[in-house]
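Quick one: the structure is below, and I'll ask about it shortly.
Only the coordinates and a few stated rules stand behind these numbers; no lab work does. This structure is a prediction, so every number in the text was calculated from the model and none was measured. A quick note on method: Cβ atoms are made from the backbone with ideal geometry, for glycine too, and the neighbour counts reach across all protein chains shown.
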Amino acid sequence: MKDAVRHGRALVVGLGIAGIATALRLRQVGWEPVLVERAAARRSSGYFIMLFGTGIASARRLGVLEAIPDRSSPQLAAFEVNRAGRRSPGMSPANLPGKPRLVLRGDIEQALFSALPDDVEIRYSTVPTHITQDDSAAEVTLHDTASGATVTERFDLVVGADGMRSTVRRLAFGPEDHLHPLNYMIGATVLDKPIEGFRQDQGLVMAEPGRSAWIFPFSDHTPGLLFSYRTDDIDAEFTRPPIESIRAAFGPQPPGALLENLFTAFEQAPDHLFDSVHQVKMPRWHRGRVVLVGDAAWCVTLYAGMGASSGMAGGELLGTMLQRHPGDLPGALRSWEARMRPFIHTEQDSALFMRRLFTPHDRKEQIMRSAMLRLMHAPVIGKTMGRMMNGADMKNKTFDVAAV
């Protein structure tokens with residue numbers, strides 16, 4: 001990477017996709033990013049995600065697209081199944097409109113991380129505990145959870161890319177959490193082998209009123225597993241081990257052999273995600289010298305399929321707006337937010353519709369879902385239905401910031 005004049009020093013909180021993409025773009029446009037991460041080391045795990053046109057275009061402009069493997073293939077198949085194991089044709093993610101790239105979250109994080117120049121400072125086991133601002137800088141107190149040391153430093157910009165339950169958001173925007181629950185839970189992991197009775201390139205969906213189980217296949221990797229279910233008491237779901245909450249959500253009926261295999265695979269997985277589903281909705285994503293990016297700002301949820309794409313796009317565009325508004329941080333942040341908001345609003349709305357595809361809320365939605373899938377397998381009608389169900393027009397816009 002060519003050396004550039006450094007325009008400012010930025011603290012980027014969070015070493016996920018949005019945080020690394022933001023730091024990479026900031027460094028490309030001449031800023032000095034400092035990355036801090038709560039964990040003691042970079043987390044390499046991650047579940048199944050789809051990279052649509054927006055994310056692919058951002059990855060290309062960031063210079064990392066070639067390093068992100070494409071684990072999709074036209075040969076990937078999917079089945080709708082019931083508890084008895086009966087199969088019918090399903091919808092393969094690889095064949096969605098726009099032909100998204102199927103990847104693991106760790107694939108994208110590794111590609112972005114590898115592209116960071118060696119001079120980008122990264123501090124692990126570090127969290128912000130206090131943020132104040134004046135006309136010239138943001139003053140941030142950082143706590144090293146490993147050593148117990150605390151330091152206060154000044155930055156020209158603070159970027160909160162620290163996820164749905166963002167610490168930066170709380171410190172800079174106040175105690176309101178801005179979380180809007182969808183009243184659903186998810187449990188996700190990557191399996192070490194295919195589910196018995198299915199090949200590696202075969203996926204499945206077991207969708208019942210208020211609950212569903214998905215196997216996402218890859219062309220060159222063992223599949224991903226996702227449980228999704230409705231709940232009336234989010235807090236209660238966290239009072240017991242995740243597998244117990246998942247089993248309870250699929251009761252009281254006997255699970256049958258196939259679902260029992262899925263339960264066992266999740267329970268035995270060395271790593272998993274178990275969380276409630278929320279969207280983040282805020283009137284503003286920036287305040288003074290602090291700005292939020294990715295899930296910390298908007299969290300479209302996994303039902304939208306655009307978390308990674310929007311995180312990269314947001315970080316990339318932020319750097320571009322700073323480059324186009326030199327010496328005018330308020331103007332850069334206003335321009336960035338004005339550009340991002342229509343896109344994010346569309347994706348948050350899309351997630352509410354797409355949730356019905358992932359997990360029908362009740363018997364009525366299950367019937368509607370089945371009807372939509374039948375139509376998608378019909379010639380001509382299927383193409384139109386696919387675009388409607390997946391918001392392909394917005395998902396695959398390339399977010400051409402050069403045209404801004």
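Full-extension gain between Ala41 and His180, please, as 0.36 nm times their residue separation minus the C-alpha to C-alpha distance.
47.0 nm
Quick one: net charge of Pro181's neighbours, Cβ under 15 Å, K/R +1, D/E -1?
Working: positive: Arg165, Arg230, Lys281, Arg355; negative: Glu176, Asp177, Asp232, Asp233, Asp235, Glu237, Asp275, Asp295.
Result for the neighbourhood of Pro181: -4.
Counting Lys +1, Arg +1, Asp -1, Glu -1, what net charge surrounds Ser73 among other residues with beta carbon under 9 Å of its beta carbon?
Once positives and negatives cancel, what remains is -2.
Separate question: Relative contact order of the chain: what whole-number percent is it, with Cα pairs under 8 angstrom and at least 6 residues apart?
Normalised by residue count, the contact order of the chain is 21 percent.
Where does the chain land at 222 nm, in deg cm²/dmol rounded to the nearest 500, when only DSSP H runs of n ≥ 4 count, each adding -39500 (n - 2.57), divided by all residues?
-11000 deg cm²/dmol
For the chain, how many pairs of lysine residues have a Cα-Cα distance under 24 Å, where the two are 8 or more positions apart or belong to different chains?
Lysine pair count for the chain: 8.
Tyr124 to Glu267: FRET efficiency via 1/(1 + (r/R0)^6), r the Cβ-Cβ distance, R0 41 Å, to the nearest 0.05?
About 0.90, to the nearest 0.05.
Could you point to the residue in Leu116, Gly63, Ala39 farthest towards the positive end of the chain's charge dipole, with +1 and -1 charges on the Cβ of Lys/Arg and Asp/Glu respectively?
The residue sitting farthest along the positive end of the dipole is Gly63.
May I ask for the net charge around Ser114, where only other residues with Cβ less than 12 Å from the Cβ of Ser114 are counted and Lys, Arg are +1 while Asp, Glu are -1?
-3
Can I ask one more? Under 8 Å for C-alpha pairs, at least 6 residues apart: give me the relative contact order for segment 26-144, rounded to a whole percent.
Numbers: 151 pairs, mean separation 42.1, N = 119.
That works out to 35 percent.
What trypsin sites (Lys or Arg not before Pro) in segment 5-40 are in a loop by DSSP, with at most 14 other Cβ atoms within 10 Å of the Cβ?
Working: sites: Arg6, Arg9, Arg25, Arg27, Arg38; in loops: Arg6, Arg38.
When the trypsin sites (Lys or Arg not before Pro) of segment 5-40 are filtered for loop state and at most 14 Cβ neighbours within 10 Å, Arg6 remain.
Also, quick follow-up: In debye to the nearest 20, how big a dipole does the chain give about its Cα centre with +1 on each Lys and Arg Cβ and -1 on each Asp and Glu Cβ? Numbers along the way, then the final one.
Details: 46 positive and 44 negative charges, 260 e Å.
Its charge dipole is roughly 1240 debye.
Okay, next question. Can you tell which of Ala249, Pro175, Leu204 lies farthest toward the positive end of the dipole of segment 144-251, using +1 and -1 charges on the Cβ of basic and acidic side chains (Lys, Arg; Asp, Glu)?
Comparing the listed Cα positions along the dipole, Leu204 ranks first.
So what is the relative contact order of segment 181-272, in percent, for Cα pairs below 8 Å that sit 6 or more residues apart? Numbers along the way, then the final one.
Working: 135 pairs, mean separation 31.3, N = 92.
Relative contact order here is 34 percent.
Classify segment 31-72 as rounded, prolate or oblate, taking a ≥ b ≥ c as the square roots of the eigenvalues of its Cα gyration tensor: rounded when a/c is under 1.5, otherwise prolate if a/b is larger than b/c and oblate if not.
Cα axes put segment 31-72 in the oblate bin.
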